[in-house]
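Report on the structure given below.
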Amino acid sequence: MYWHEEKECMGREELEQLQLERLQATIYRVATHVPFYRQKFKELNIDPDGFTSLEGLRSLPFTTKQDLRDNYPYGLFAVPLRDVVRVHSSSGTTGQATVVGYTGNDIKTWSSLTARVLTAAGVSKEDVVQIAFGYGLFTGGFGLHYGAELVGASVIPISSGNTRRQLQIMQDFRTTALICTPSYALLLADTIEELGIPLNAFSLKYGLFGAEPWSEAMRREIQEKLNIVATDNYGLSEVMGPGVAGECRERRGLHVNEDHFLVEIINPETLEPVAPGELGELVLTTLTKEAFPIIRYRTRDLTRLIEEPCPCGRTLRRIERITGRSDDMLIVKGVNVYPSQIENVIFEIEGTKPHYQIVVEREGRIDKITVLIEVVESIFFDEMRKQGRIIDTIKQKLASELGIGVEVKLVEEKSLGRSEGKAQRIIDNRKL
Ligand SMILES: [Zn+2]
């Protein structure tokens, strides 16, 4: 089931030709209308008319979150405000807010791309879609709302919060598709259990989750507890909002809407492209946006590109689920290590708790990583031989994931410090 079959299943050559034409138009647009890019192109000696191949993308400057902040509120808009029909903004909890805008055409494109994501996840006009993302300056609610209407589904714009009411409406209105963050889906599932509501009181079939990283283990738990097919989707307000990429029913990576966005995966240290299939930072360039085109936006999100064709028939390449942020990267023995890689391995091991700490030390000239992992009582007090087996399994999996060896220590439940806000996962004792 496709929304735009001719685009979603396009041949690579034809797609690249379309991408090139759209990239040329985008470069012309920003060079003409956005002083920030005009200036950067001048500094880098870039001729906006000189683009004849997609490889040229690599010569273009990156855009960062800080650039958006520096140009607050409207400095990066490529159209006058009278052509802007919608403005969204990031919350700005960790710094100044950023602002993005949409023309009427941008809203149409956005709706059609979220319609693709919804269709790929199984949603059709037969469905009742409950959108439990916040509606407001955040792009999650509105982005998927318009797509769901376009698909022809019955949309319940309930917005976020008020869990009991969500569940009541979910039962009464016979919701078949739930849209929210994965952690909220889990909270809803746990509340259903707590209240003792039987699952057959609900009509749920699909869950579309996004806006935060989640693990495969979490997907299994949500699917089981809510008896649904749970898919992951991805977007960010700086680039458009939801609709940038989404999983199909295969649930093995997210198809990027490559006819509207160019994907690069870079090493966040060297800013060079990583080897095919390697983990790195996702960089996105918009190809069709009018009000807020963006060139090589450094998302800070970590993923890898999946080149293999997908059994669903879509030719749009996939990215792996987002596993963390490049800001958290550690360099150990010259290798980039992301705490989220370690976390993913731990989460897959039975008996471990979601509490761990990564300690980095330097002995002589050699860096050493020790991962402390809380385990349930039954394992902690178990015989040494069994513990040894668990440690070996974790070590092996970590070595193959990270490419370097690490030490593993199992510790008793609740022995690692808890903090009020964000847990302190990394203790770097190296004096660098
Ligand atoms: Zn697919």
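The values are calculated or read from the model by the stated rules, or taken from the named source; none is laboratory data. On a predicted model such as this, the values are computed, not experimentally measured, just so you know. Neighbour counts run over all protein chains shown; Cβ positions are idealised from the backbone, glycine included.
Might you let me know whether region 177-189 holds any residue that is within 16 Å of the ligand (Cβ to nearest atom) and either out of contact with any helix residue (DSSP H, G or I) (no Cβ under 9 Å at 6 or more places or on another chain) or under 30 Å from residue 342 (Cα atoms) (or both)?
First pass over region 177-189, keeping only residues within 16 Å of the ligand (Cβ to nearest atom): none.
No, that holds for no residue.
Quick check on region 311-331: of everything there that is closer than 25 Å to residue 217 by Cβ and assigned to a strand (DSSP E or B), which residue is farthest from the chain's Cα centre (by Cα)?
Per the stated criteria, the residue is 330.
Which of the residues that make up region 113-139 are surrounded by fewer than 24 Cβ atoms within 10 Å (Cβ to Cβ) and in a helix (DSSP H, G or I)?
If the condition is that a residue be surrounded by fewer than 24 Cβ atoms within 10 Å (Cβ to Cβ) and in a helix (DSSP H, G or I), then 115, 119 are the ones that fit.
Of the residues that sit in region 270-298 and are outside any loop (DSSP other than H, G, I, E, B) and under 16 Å from the mean Cα position of the chain (by Cα), which one is nearest to residue 63 (Cα to Cα)?
Looking at residues that are outside any loop (DSSP other than H, G, I, E, B) and under 16 Å from the mean Cα position of the chain (by Cα), I get 297.
Residue pairs, Cβ under 7 Å, 6 or more apart or interchain, first in region 349-365 and of a type in the set (Gly, Ala, Ser), second assigned to a strand (DSSP E or B) and surrounded by 16 or more Cβ atoms within 10 Å (Cβ to Cβ). List them.
Every condition considered, the pairs that remain are 351/375.
Answer yes or no: is there a residue in region 333-345 that is over 25 Å from the mean Cα position of the chain (by Cα), assigned to a strand (DSSP E or B) and more than 16 Å from the ligand (Cβ to nearest atom).
For region 333-345, residues over 25 Å from the mean Cα position of the chain (by Cα), assigned to a strand (DSSP E or B) and more than 16 Å from the ligand (Cβ to nearest atom): absent.
Is it the case that residue 426 is surrounded by fewer than 16 Cβ atoms within 10 Å (Cβ to Cβ) and either β-branched (Val, Ile, Thr) or touching a residue at least 24 places away in the same chain (Cβ under 8 Å) (or both)? Working first, answer last.
Values: surrounded by fewer than 16 Cβ atoms within 10 Å (Cβ to Cβ): yes; either β-branched (Val, Ile, Thr) or touching a residue at least 24 places away in the same chain (Cβ under 8 Å) (or both): yes.
The answer is yes for residue 426.
Filter region 119-145 for residues that are within 29 Å of residue 97 (Cα to Cα), under 20 Å from the mean Cα position of the chain (by Cα) and in contact (Cβ under 8 Å) with a residue 24 or more places away in the chain and give the result.
131, 132, 133, 134, 135, 137, 138, 139, 140, 142, 143, 144
Being on the phi < 0 side of the Ramachandran plot, part of a helix (DSSP H, G or I) and either modelled with pLDDT of 80 or more or more than 24 Å from the chain's Cα centre (by Cα) (or both) narrows it down to one residue among 418, 385, 362; which is it?
None of the others qualify; the one that does is 385.
For every residue, the table says whether it meets (1) in contact (Cβ under 8 Å) with a residue 24 or more places away in the chain; (2) in a loop (DSSP other than H, G, I, E, B); (3) under 15 Å from residue 323 (Cα atoms).
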{"site": "204", "(1), (2), (3)": "yes, yes, no"}
{"site": "209", "(1), (2), (3)": "yes, no, yes"}
{"site": "214", "(1), (2), (3)": "yes, yes, yes"}
{"site": "218", "(1), (2), (3)": "yes, no, yes"}
{"site": "235", "(1), (2), (3)": "yes, no, yes"}
{"site": "243", "(1), (2), (3)": "yes, no, no"}
{"site": "263", "(1), (2), (3)": "yes, no, no"}
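Of the residues 247, 281, 238, only one is buried (at least 20 other Cβ atoms within 10 Å of the Cβ) and within 16 Å of the ligand (Cβ to nearest atom); which?
After ruling out the rest, the residue left standing is 247.
Please work out which residue is farthest from the ligand (Cβ to nearest atom), limiting yourself to region 291-332 and to residues that are more than 29 Å from residue 368 (Cα to Cα) and of a type in the set (Val, Ile, Thr).
The qualifying residue farthest from the ligand (Cβ to nearest atom) is 295.
Which pairs turn up if I take residues in region 1-18 that are at pLDDT 95 or above and look for partners that are of a type in the set (Phe, Trp, Tyr) with beta carbon separation below 7 Å, at least 6 apart in sequence or on another chain?
Hits for this filter: 8/2; 9/2.
Taking region 22-71 as the search range and keeping residues that are over 24 Å from the mean Cα position of the chain (by Cα) and aromatic (Phe, Trp, Tyr), which one is surrounded by the most Cβ atoms within 10 Å (Cβ to Cβ)?
Selected residue: 37.
From 358, 373, grab the single residue that is touching a Pro at 6+ places or on another chain (Cβ under 7 Å) and surrounded by 13 or more Cβ atoms within 10 Å (Cβ to Cβ).
358
With the requirement that a residue be assigned to a strand (DSSP E or B) and either in contact with a Pro (Cβ under 9 Å, 6 or more places away or on another chain) or not hydroxyl-bearing (Ser, Thr, Tyr) (or both), what does region 299-310 give you?
300, 301, 302, 305, 306
Answer yes or no: is there a residue in region 39-60 that is part of a helix (DSSP H, G or I), in contact with an Asp or Glu (Cβ under 9 Å, 6 or more places away or on another chain), touching a residue at least 40 places away in the same chain (Cβ under 8 Å) and among the aliphatic types (A, V, I, L, M).
The answer is yes, given that some residue of region 39-60 is part of a helix (DSSP H, G or I), in contact with an Asp or Glu (Cβ under 9 Å, 6 or more places away or on another chain), touching a residue at least 40 places away in the same chain (Cβ under 8 Å) and among the aliphatic types (A, V, I, L, M).
Quick test for you: out of 99, 34, 85, pick the one residue that is farther than 26 Å from residue 147 by Cα and touching a residue at least 12 places away in the same chain (Cβ under 8 Å).
34
Can you tell me which of 232, 259 is within 26 Å of residue 286 (Cα to Cα), at pLDDT 95 or above and surrounded by fewer than 22 Cβ atoms within 10 Å (Cβ to Cβ)? Steps first, please.
Details: 232 fails: surrounded by fewer than 22 Cβ atoms within 10 Å (Cβ to Cβ).
Of the residues listed, the single one that is within 26 Å of residue 286 (Cα to Cα), at pLDDT 95 or above and surrounded by fewer than 22 Cβ atoms within 10 Å (Cβ to Cβ) is 259.
Identify the single condition in (1) surrounded by fewer than 17 Cβ atoms within 10 Å (Cβ to Cβ); (2) within 16 Å of the ligand (Cβ to nearest atom); (3) more than 28 Å from residue 124 (Cβ to Cβ) that residue 273 does not satisfy, given that it satisfies every other one.
Unmet condition: (2).
Which residues, counting only those in region 144-167, are part of a helix (DSSP H, G or I) and either among the β-branched types (Val, Ile, Thr) or closer than 19 Å to residue 222 by Cα (or both)?
Passing the criteria: 151, 163, 164, 166, 167.
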